[in-house]
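Q: Here you go, one structure.
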Amino acid sequence: MDISALHVLAPLFWRAPSAHNTQPWRLDYRDEEVHVGWDHADTLPAADPTGRDLRLSLGAFVETCLIVAADLGLPIEYVPDHCVEDRRVGWLRLSPHGYRSPFTAAQVQGRRTHRGRFSAGPDADTVAALDAVARQAGGEVRVVPDRDRLAGLLTTADRHLYAEPAVVRELRGWLRLTPAHPRYPADGLTDRCLELSPVEATGLRAALAAYPVLRPLGLPRLLAAAAGDPLALGGTVIVLVGPAGLDDAAQVEFGRVLMRTWLTLHAAGLAAHPLSQLIDAPATRAALGSALDGRRSGCCTSPGWAGRSARRPARRAGSAAPAMPARDQHGAAADPAGPIEVDRFRTVELPTAPSLLSDALHRTVISSRPPAGIAHPTEGGSTPGGCSTVEGEWGSMCR
C-alpha cells in the first residue's frame, strides 16, 4: 500500500476544527511520507499572537488524520518533528501496526460546533470520561460552576477583542456573511455557522465596515452586547486544562487531546461551542484561573460551552456512533438543532466497510475543486499550498 492512498481520505481529514475556520494545515506528499505543516497566510497573528490556537488546531488535524486512516484500514503513524523555520509539525508514515483509537471516521464526520439552545449539560459520567482523556496526557477537565460570573467575563472578553482594530480587521477577512462571497463554501465563518439571520448578517457587515468611524463612539461595547449571553441557552462550561510549561511542540500534541475530548462529547450525543476569547483577554484569563480555584491559571487550553442540543437524541459516552448525517445543498451536515459551517469538500458517502481502504477509494467522492496542495487521486504528485472542517471552525475552536 502506498502513502499516496491518503489522498482519497482528505475530505475527512479536513473536518478538523480551526480558529475562524482558517484551515491552516498543509499536507505535502513525499515518496514514503507526508509532511504535515501550515501556511502562514492562514494564521491569525492579531487574534492568536502566541500561535496557541494554531498549534492546537494542527494537533487536532493530526489526530483526525490518524483516526480516519485507522478506521478506514490504512495503517499510518505520526512522527512529531516540530520546526518553525520549515513550518512543520511532523510526518505521517506507513506503519506495520497503525493507530488505535476508540473513535471512527463517522464520528469525525458528525462532530460539530453548536451555537443554539442546549437542553442539558454533560452528566457526571461524561465529565469523568472527558477528564480521563485529558489525564492520559497530564491535563484535566474542569466544570466552571459560576455561570453569572462567566457571563460577565464573556462580555468583558468580547469588548477587549472588539476594541482591537487589528483583531477586528482580521475577523472581517474571515467572515463570509452571504452565500455570494467567493469563499463561502471553502473556509471562514459563514452566516450559517454564526446562526445569523439575513438582517443580522447585513447589520454585522455594515457595522464592521464602519468600524474605524464607530469605534471611538462605542462600537466595541455595542458589538459585545449584541453577542448576548450564550450561557443563557443552557449547557455547562467546561475547561480543558493542560499541564504546566507546554512548549510549542507539546501544544501541538495537546491539540490531539483537544480533538479526543471533543469526539468524546460527540460520542455522548453532546455538542460544544468553544469560548476561547476567555483566555485571549489577559484580565478574563486571570479571572477564569481564579474561578478554577487558582490551579494552573496560566495553562487553560480550551474553555468551552457544552451540552445536549435541544433537539438531538441522547447517547451515553462510549455508545455507538450515529448514522451519517444527511448533507444539505452546501455539502454541510444537516443538523435540525441549528446550522453549521459549510465544508470544503462534498463527501457523498462514507464507506460502510471501513476496514477496507478499497471501499473508501470506491465510495468516497472528492470535490472537483480540492484545495491547492491536495492533488485529486487521479492526478500525479502534490505541491505544498492552499488548503478544518465540521464546519471546520472553532470559531471551533470557533469563536
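Q: Which one is farthest from Pro80 (Cα to Cα), of the residues in segment 223-249 that are surrounded by fewer than 20 Cβ atoms within 10 Å (Cβ to Cβ) and at pLDDT 90 or above?
A: The extreme case among them is Leu246.
Q: In this structure, is Thr178 among the β-branched types (Val, Ile, Thr) and buried (at least 16 other Cβ atoms within 10 Å of the Cβ)?
A: Answer is no for this residue.
Q: Which of the following residues is of a type in the set (Val, Ile, Thr), out of contact with any His (no Cβ under 9 Å at 6 or more places or on another chain), at pLDDT 95 or above and buried (at least 22 other Cβ atoms within 10 Å of the Cβ): Val252, Val257?
A: Residue meeting the stated conditions: Val257.
Residues are listed down the side, and each one gets a yes or a no for (1) within 16 Å of the chain's Cα centre (by Cα); (2) surrounded by fewer than 24 Cβ atoms within 10 Å (Cβ to Cβ); (3) at negative phi:
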residue	(1), (2), (3)
Glu33	no, yes, yes
Gly37	no, yes, yes
Asp42	yes, yes, yes
Glu63	yes, no, yes
Val89	no, no, yes
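Q: If you don't mind, another one. Identify the single condition in (1) surrounded by 15 or more Cβ atoms within 10 Å (Cβ to Cβ); (2) assigned to a loop (DSSP other than H, G, I, E, B); (3) out of contact with any strand residue (DSSP E or B) (no Cβ under 6 Å at 6 or more places or on another chain) that Arg115 does not satisfy, given that it satisfies every other one.
A: Of (1) surrounded by 15 or more Cβ atoms within 10 Å (Cβ to Cβ); (2) assigned to a loop (DSSP other than H, G, I, E, B); (3) out of contact with any strand residue (DSSP E or B) (no Cβ under 6 Å at 6 or more places or on another chain), only one is false for Arg115: (3).
Q: Counting just the residues of segment 145-158 that are buried (at least 20 other Cβ atoms within 10 Å of the Cβ) and not small (Gly, Ala, Ser), which one comes out nearest to Ala286 (Cα to Cα)?
A: It comes out as Leu153.
Q: Another question, then. Kindly establish whether Arg147 is among the basic types (Lys, Arg) and modelled with pLDDT of 90 or more.
A: The answer is no for Arg147.
Q: Restricting attention to segment 113-140, which residues are closer than 15 Å to Leu263 by Cα and either among the small types (Gly, Ala, Ser) or in contact with a Pro (Cβ under 6 Å, 6 or more places away or on another chain) (or both)?
A: Ala128, Ala129, Ala132, Ala134
Q: Under 6 Å between Cβ atoms, which residue pairs at least 6 apart in sequence (or on different chains) link something in segment 162-183 that is small (Gly, Ala, Ser) with a partner that is part of a helix (DSSP H, G or I)?
A: Taking only residues 6 or more apart or on different chains, the pairs are Ala163/Pro220.
Q: Quick one: would you say Ala272 is more than 14 Å from the chain's Cα centre (by Cα), under 17 Å from Arg15 (Cα atoms), crowded, with 24+ Cβ neighbours inside 10 Å and of a type outside the set (D, E, K, R)?
A: It is false that Ala272 is more than 14 Å from the chain's Cα centre (by Cα), under 17 Å from Arg15 (Cα atoms), crowded, with 24+ Cβ neighbours inside 10 Å and of a type outside the set (D, E, K, R).
The values are calculated or read from the model by the stated rules, or taken from the named source; none is laboratory data. All of these numbers come straight from a predicted model, not from anything done at the bench. Using ideal geometry, Cβ is built from the backbone for each residue, glycine included, and neighbour counts are taken over all protein chains shown.
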